[in-house]
Amino acid sequence: MPHAIRVHETGGPEVLKWEEIEVGEPGSGQVKIRQEAAGLNFIDVYHRTGLYKQDLPFTPGVEGAGIVEAVGPDVANLKPGDRVAYAGPVGGYAEERLIAAERVVKLPDGISTEQAGAMMLQGLTVHMLLRGVYSVKAGDTILVQAAAGGVGLIACQWAKALGATVIGTVGSDEKADLARAHGCDYPIIYTRQDFVAEVDRITGGKKLPVVYDGVGRDTFMKSLDCLHRRGMMVSFGNASGPVDPFPPTLLAQKGSLFLTRPTMYDYVVTREELENAAAELFDVVASGKVKIEVNQRFALKDAAEAHRALEGRKTKGSTVLTI
């Protein structure tokens with residue numbers, strides 16, 4: 001029988017259990033995928049800890065890639081043997097899974113299943129951030145928090161390809177080198193530099209039209225201070241914990257700022273939106289403008305170890321669970 005990681009109670013990495021599962025055959029509108037790679041993302045931690053609620057028990061993991069093994073009734077666009085990938089819903093930490101065919105896209109020949117398993121959620125998230133939430137254009141200067149992370153490295157490269165100047169925060173010299181090699185013009189090592197002061201210096205006091213912040217509590221307030229009048233704060237993650245409550249009047253005091261807390265699933269709702277966003281992602285990767293590099297690999301059964309590394313900020317770029 002196939003195996004999967006199962007969560008029966010929320011908590012630390014120790015709640016991730018390696019168990020046999022019964023997958024069954026695909027129903028109407030479903031496909032069965034034999035997975036080859038599953039992506040590791042902070043949203044998996046939020047699900048595991050209960051910050052983002054899931055019905056128990058569940059299998060975590062929201063992105064993956066593999067081979068179609070079987071298709072259910074009413075599935076016309078996929079067939080057994082197709083290489084496919086997806087971003088959501090949960091269930092990715094599994095050797096096999098069932099998923100709605102409408103949430104799955106075929107992979108072009110130039111993209112491996114390992115790359116796809118590492119980039120679907122992160123890549124579609126970056127598409128949302130740069131093309132949907134705030135449309136980055138040539139001449140913009142932007143700030144990407146956690147620039148050496150999975151989303152960060154993709155965002156730096158894609159924004160650079162759009163003609164933006166990219167400022168990014170990182171935690172070490174090694175991560176600064178990594179971010180710089182992936183399009184970040186000005187890596188700021190936040191452990192010894194004040195990133196607000198650095199942004200002010202780099203921009204000559206003009207500050208920024210947009211900040212992309214997936215870190216949360218530790219950076220949120222200072223990120224606001226990097227924005228110019230009517231700038232947009234894009235808070236899309238909580239790697240350091242959820243943002244503490246604050247009065248909306250603070251946004252007025254800091255220059256009539258805009259604040260949004262987007263999720264990719266509100267920007268990729270319809271089949272057409274998924275196909276269009278995925279096509280843009282595949283094109284920018286195939287062109288070489290965005291390189292998807294898997295820097296860490298863990299066996300699926302070692303998902304708890306992978307979570308510890310991610311939460312301990314010991315990972316760089318993308319990480320996959322191999323199957």
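No lab work stands behind these numbers, since they all come straight from the coordinates. No experiment lies behind these values; they were computed from the predicted model shown. All Cβ positions, glycine included, derive from the backbone under ideal geometry; neighbour counts span all protein chains shown.
In what order do I189, I5 fall by count of nearby beta-carbon atoms within 10 Å, going from fewest to most? Can you show the working numbers first?
Numbers: I189 15, I5 27.
Fewest to most other Cβ atoms nearby, the residues stand as I189, I5.
Please list the equivalent ellipsoid semi-axes of segment 138-261, computed as the square roots of five times the alpha-carbon gyration tensor eigenvalues, in descending order and whole angstrom. The partial results should precede the final answer.
Working: eigenvalues 93, 52, 34 Å².
They are 22, 16, 13 Å, listed largest first.
So if each residue of separation counts as 0.36 nm, and I subtract the Cα-Cα distance between D194 and S28, what length gain in nm does that give? Intermediate values should be presented prior to the final figure.
Numbers: separation 166, 0.36 × 166 = 59.76 nm, distance 5.47 nm.
So the extension gain works out to 54.3 nm.
Could you quote the convex hull projected area for segment 224-323, Cα atoms only and averaged over all directions, in nm²? Intermediate values should be presented prior to the final figure.
Working: hull surface 38.5 nm².
Taking a quarter of the hull surface, the average projection is 9.6 nm².
Taking the number of other C-beta atoms within 10 Å as the exposure measure, put M120, M1, M233 in order starting with the fewest.
Values: M120 26, M1 10, M233 21.
Sorted ascending by nearby Cβ count, the order is M1, M233, M120.
Only bridges whose two residues both fall in the chain count here: according to DSSP, what percent of them are antiparallel, nearest 5?
Values: 30 of 54 bridges.
If I count the DSSP bridges inside the chain, around 55 percent turn out antiparallel.
Which distance in nm do the two modelled labels at A100 and A161 give, with both placed 7 Å along the Cα-to-Cβ direction?
Each label point is offset 7 Å from its Cα along the Cβ direction, giving 2.8 nm.
What number, rounded to the nearest 500 deg cm²/dmol, is the helix-based mean residue ellipticity at 222 nm of the chain, given -39500 (n - 2.57) per DSSP H run of at least four residues and division by all its residues?
Details: 9 runs with 87 residues, N = 323.
Computed mean residue ellipticity for the chain: -8000 deg cm²/dmol.
Where does each of L251, L121 land when they are ranked from fewest to most other beta-carbon atoms within 10 angstrom? Don't skip to the end; give the middle numbers.
Working: L251 16, L121 27.
With the sparsest Cβ surroundings first, the list reads L251, L121.
Counting other Cβ atoms within 10 Å, keep those with at most 14, restrict to DSSP loop, and tell me which trypsin sites (Lys or Arg not before Pro) in segment 181-272 are left. Write down the numbers at each step before the final one.
Details: sites: R192, R201, K206, K207, R217, K222, R229, R230, K254, R271; in loops: R192, K206, K207, R217, K254.
Within segment 181-272, the qualifying trypsin sites (Lys or Arg not before Pro) (loop, at most 14 other Cβ atoms within 10 Å) are R192, K206, R217.
How long is the gain from S256 to Q54 if the chain were fully straight, where each residue apart is worth 0.36 nm and the alpha carbon distance is subtracted? Please report the intermediate quantities before stating the final value.
Details: separation 202, 0.36 × 202 = 72.72 nm, distance 3.58 nm.
So the chain would gain 69.1 nm between S256 and Q54.
Using 0.36 nm per residue of separation minus the Cα-Cα distance, give me the extension gain between K17 and R229 in nm, one decimal.
On the way: separation 212, 0.36 × 212 = 76.32 nm, distance 4.86 nm.
Full extension of this stretch gives 71.5 nm more.
With 20 Å bins from zero, work out the P(r) of the chain over every alpha carbon pair and list the percent per bin.
33, 56, 11, 0
Arrange the peptides 82-91, 9-18, 99-108 so that the one whose residues have, on average, the most other Cβ atoms within 10 Å appears first.
Working: 82-91: 21.4, 9-18: 14.7, 99-108: 18.4.
My ranking of the peptides, most packed first, is 82-91, 99-108, 9-18.
Could you work out which residue, out of E96, E22, E198, moves most in a Gaussian network model of the chain, that is, has the largest mean-square fluctuation with Cα springs under 10 Å?
Checking each option, the largest mean-square fluctuation is seen for E22.
Taking R0 as 41 Å, what FRET efficiency do you get between F246 and K79 from their Cβ-Cβ distance, rounded to the nearest 0.05?
Details: r = 52 Å, r/R0 = 1.26.
The formula returns an efficiency of 0.20 here.
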